[in-house]
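Notes follow the structure.
The values are calculated or read from the model by the stated rules, or taken from the named source; none is laboratory data. Everything numeric here is computed off the predicted structure, so don't read it as measured data. Cβ atoms come from the backbone with ideal geometry, glycine included; neighbour counts cover every protein chain shown. The area values use the complete protein model at the heavy-atom level, side chains included, leaving out ligands, DNA and RNA. Shrake-Rupley method; radii C 1.70, N 1.55, O 1.52, S 1.80 Å.
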Amino acid sequence: MASEQELTSVLKEIEAAASGFVAASLVDLQSGMTLAVHAAPRSDFDLTAASAYNSELVKQKLKIMQALGITGAISDMLITLTDQIHLIKMVTERTFLYLAVDSSQSNLAIVRMAVDRHVSKLV
Amino acid sequence: MATVDDEHGLFVVRVIYDGPPYSGKTTSLVSLARALGVDVVTPETDVDGRTLFFDWVEYVGGLFDGKRIRCQLVSVPGQRELGERRHVLLAEADVVVFVADTREEHFGVACEYLKELVTSCRARVPPVGIVVQANHRDSSSAVSRVTLDASLDAIAPLGVVESVATTGDGVRECFVFAIRLALDRAKAFRDTGLESGEVTDSPEALLKRLNTGGQEQVSVEVSEPAEVASPAKRSPRPVLRFSAPERAVLPSEADIPSGHLWPPVDGRIWLQQLDCMDVVPKKNTRGAWSAVSPGMRLYSEAAALYSESDARVVLRRWAGQHVASGSVLSPGRCLFLSRTDSGRFRVWQFVKFSPSYRDEFFDVRSMPELTTRLVEVYALLEAAQGSFDASAIQMPRTLWNVGPAKNGTPVLVGVARMPSSEPRPLPEANLSREFRSVLLQLETAQIGELIALLRRESGVASKKLLDLADSLTLND
């Protein structure tokens, strides 16, 4: 795996590419612990808690897929809130990128593009 | 030991940072604390800044059973004379991060420390996981990754993360790996009904405990394991004309819940290695599934398909047989369940490769060397018959299935049969038949040479082999 400094650097590149960036983290799926974090200055977003609870979200989705006999893998999960967009992008089977942006300054296409361009460097 | 902080709704795990003096334990915690945005508490240091009691970092993150995880990270003092404090701290570990100085001049000491740690962690119930933080990787005298892996493999299957503690590289990754192992142990606690006692909950309380030198007895109640019932008798099913063929899809290690894997800690590490290989099991004509990859084998019997509850019963029973037969089994074995498309569960066996005596005989270069080895092995196997027969593990006793352990004693190295309510009788272990098949591989001139060499030997094994070799020449 890339070093923590390298991972944080990639998250900063994602910040630069995603307008309205709020916060991003690389998360270990099993434990919900963060491997790297980066938040916009003056952001009060509790990234640690968000990352942990989102790991539960991914695990629940995997359980649903198993119950339904769906054999594919999750590529990403996009959640549109009234004022934010949250993207969960699987990086490996064990880790995912979690990204939150302000939807008034961004859109789904920008978010996806910003992530797709850089996510391979998080492995 | 893992506990629940009911007042705050947190799950508490203790991560101990262990290692020889100057390996980088304190530096690791300081780097990690900086990255996590928390403080380090160090009650006391000596004039050189060395930890006298411990360093303490507390961090809340992650999720387990719906509760946030309160991680207590504690480093031990490295000085030998403070060993008693180290033992008190290690006794409360849910997982250990072993910080190893991998510079060539210090690596040997690190390995010796680690061996001792592995022994004590494995003696705990359930065993305590260890992850190795291979530190000082930026040093020009750091041992190569190949040397590092080989040396650690010789000790035990261990997760390894390379680090440079001064810059923080690898430290956080290692910490997260450790938390995963700690959670596995917590699940094992939960599933087996063990109860943990109270542990010291703050740096102040821990310091007080170490200062008094008293050891609060942490009581652990071990409940009797539930009686392992036979799998429910399956009533005959109607033949399904159009059932889809089963696919053998191996689960990723990360997806295997506890209760579906034995042993819980080492097994997870081996299966993580399996995840990195492109292993695709194939079904043979008898319906069994198998796969072979460098250094390992996977196997599942045709009939090893059950409901989830029955599969777990079978797994537990088989694991019990493995534990009871540990002294006659090669190391590096694990059992796990995988869910099939039909919703049933298949029981798998993972066996790390260990050479058999039959493999050895093929590698021998000269007749005198082969003769000596044949005599030695014959004698060893005759002496080991009793132990093998007493073992609960069902495995045909052939020269392909028996090999030398590291200490030279014979162990079973092959694939074991699953426990069954109606055990099939094994083919009778017949040393003469097994060695005869080895001698049949030799050319006539080689048999002649073997006979000449055996006539110079004395001993029961030599005599039996001589009789066997003679019988082959009479049959020509």
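I'd like the full set of residues that are facing chain A (nearest Cβ under 10 Å) and either touching a Pro at 6+ places or on another chain (Cβ under 9 Å) or hydrophobic (A, V, I, L, M, F, W, C) (or both), limited to the stretch B:177-191.
B:F177, B:A178, B:I179, B:L181, B:A182, B:L183, B:D184
How many of the residues making up the stretch B:112-133 are among the β-branched types (V, I, T), outside any helix (DSSP H, G or I) and crowded, with 17+ Cβ neighbours inside 10 Å?
4
Which residues, counting only those in the stretch B:146-176, are facing chain A (nearest Cβ under 10 Å), open to solvent by 30 Å² or more (accessible area, probe 1.4 Å) and not in a strand (DSSP E or B)?
Of the stretch B:146-176, the ones facing chain A (nearest Cβ under 10 Å) are B:161-164, B:167-173, B:175-176.
Add one more test, that the residue is open to solvent by 30 Å² or more (accessible area, probe 1.4 Å), and what stays is B:162, B:167, B:169, B:173.
Within the stretch B:146-176, B:T167, B:E173 meet the criteria.
Going through B:L73, B:L63, B:L89 one at a time, which residue ends up being aliphatic (A, V, I, L, M) and free of Cβ contacts under 8 Å to residues at least 24 places away in the same chain? Talk me through it step by step, then tell me what you get.
Working: B:L73 fails: free of Cβ contacts under 8 Å to residues at least 24 places away in the same chain; B:L89 fails: free of Cβ contacts under 8 Å to residues at least 24 places away in the same chain.
That would be B:L63, the only listed residue that is aliphatic (A, V, I, L, M) and free of Cβ contacts under 8 Å to residues at least 24 places away in the same chain.
For the stretch A:78-103, which positions are out of contact with any Phe, Trp or Tyr (no Cβ under 6 Å at 6 or more places or on another chain) and within 14 Å of chain B (Cβ to nearest Cβ)?
Those that are out of contact with any Phe, Trp or Tyr (no Cβ under 6 Å at 6 or more places or on another chain) and within 14 Å of chain B (Cβ to nearest Cβ): A:V91, A:T92, A:E93, A:R94, A:T95, A:F96, A:Y98.
Tell me the residue from B:F353, B:F388 that is at negative phi, open to solvent by less than 60 Å² (accessible area, probe 1.4 Å) and under 26 Å from the mean Cα position of the chain (by Cα), please. Steps first, answer last, please.
Working: B:F353 fails: open to solvent by less than 60 Å² (accessible area, probe 1.4 Å).
Of the residues listed, the single one that is at negative phi, open to solvent by less than 60 Å² (accessible area, probe 1.4 Å) and under 26 Å from the mean Cα position of the chain (by Cα) is B:F388.
Hey, can you tell me all the residues within the stretch A:48-77 that are more than 10 Å from chain B (Cβ to nearest Cβ) and surrounded by 13 or more Cβ atoms within 10 Å (Cβ to Cβ)?
Scanning the stretch A:48-77 gives A:A50, A:L57, A:V58, A:K61, A:M65, A:I74, A:D76, A:M77.
Find the strands (runs of 3 or more DSSP E) located wholly in the stretch B:332-444 whose residues include 1 or more that are over 30 Å from B:Y306 (Cβ atoms), and list them.
B:402-404, B:410-412
Within the stretch A:1-34, which residues are within 14 Å of chain B (Cβ to nearest Cβ), touching a Leu at 6+ places or on another chain (Cβ under 8 Å) and either more than 19 Å from B:I179 (Cβ to Cβ) or open to solvent by less than 20 Å² (accessible area, probe 1.4 Å) (or both)?
The answer is A:A2, A:L7, A:L11, A:A23, A:S25, A:L26, A:V27, A:D28, A:S31, A:G32, A:T34.
Filter the stretch B:64-111 down to the residues that are more than 22 Å from the chain's Cα centre (by Cα), more than 14 Å from chain A (Cβ to nearest Cβ) and in a loop (DSSP other than H, G, I, E, B) and list them by number.
Across the stretch B:64-111, the qualifying residues are B:V76, B:P77, B:G78, B:Q79, B:T102.
Quick check on the stretch A:78-109: of everything there that is farther than 28 Å from B:L250 by Cα, of a type in the set (A, V, I, L, M) and under 14 Å from the mean Cα position of the chain (by Cα), which residue is most open to solvent (accessible area, probe 1.4 Å)?
Residues of the stretch A:78-109 that are farther than 28 Å from B:L250 by Cα, as a first pass: A:78-87, A:99-109.
Within this subset, residues satisfying the condition of being of a type in the set (A, V, I, L, M) are A:78-79, A:81, A:85, A:87, A:99-101, A:108-109.
If we keep only those that are under 14 Å from the mean Cα position of the chain (by Cα) as well, we get A:78-79, A:85, A:87, A:99-101, A:108.
On the way: A:L78: 54, A:I79: 53, A:I85: 7, A:L87: 3, A:L99: 1, A:A100: 0, A:V101: 0, A:L108: 76 Å².
The qualifying residue most open to solvent (accessible area, probe 1.4 Å) is A:L108.
Please specify each residue of the stretch B:279-316 satisfying the condition of being touching a Ser or Thr at 6+ places or on another chain (Cβ under 8 Å) and either modelled with pLDDT under 85 or more than 18 Å from B:G343 (Cα to Cα) (or both).
B:V279, B:P281, B:K282, B:N284, B:A288, B:S290, B:R297, B:L298, B:Y299
For the stretch A:56-87, which positions are of a type in the set (D, E) and closer than 20 Å to A:V111 by Cα?
Result: A:D76, A:D83.
Pull up the stretch B:329-344, narrow it to residues that are open to solvent by 10 Å² or more (accessible area, probe 1.4 Å) and modelled with pLDDT of 90 or more, then point me to the one that is nearest to B:Q273 (Cα to Cα).
B:R333
Please indicate, with yes or no, whether at least one residue in the stretch B:327-347 is hydroxyl-bearing (S, T, Y) and away from every other protein chain (no Cβ under 14 Å). Give the derivation first.
As a first pass, look at the stretch B:327-347 and keep what is hydroxyl-bearing (S, T, Y): B:327, B:330, B:338, B:340, B:342.
Next cut, away from every other protein chain (no Cβ under 14 Å) only: B:327, B:330.
Yes: the stretch B:327-347 contains one or more residues that are hydroxyl-bearing (S, T, Y) and away from every other protein chain (no Cβ under 14 Å).
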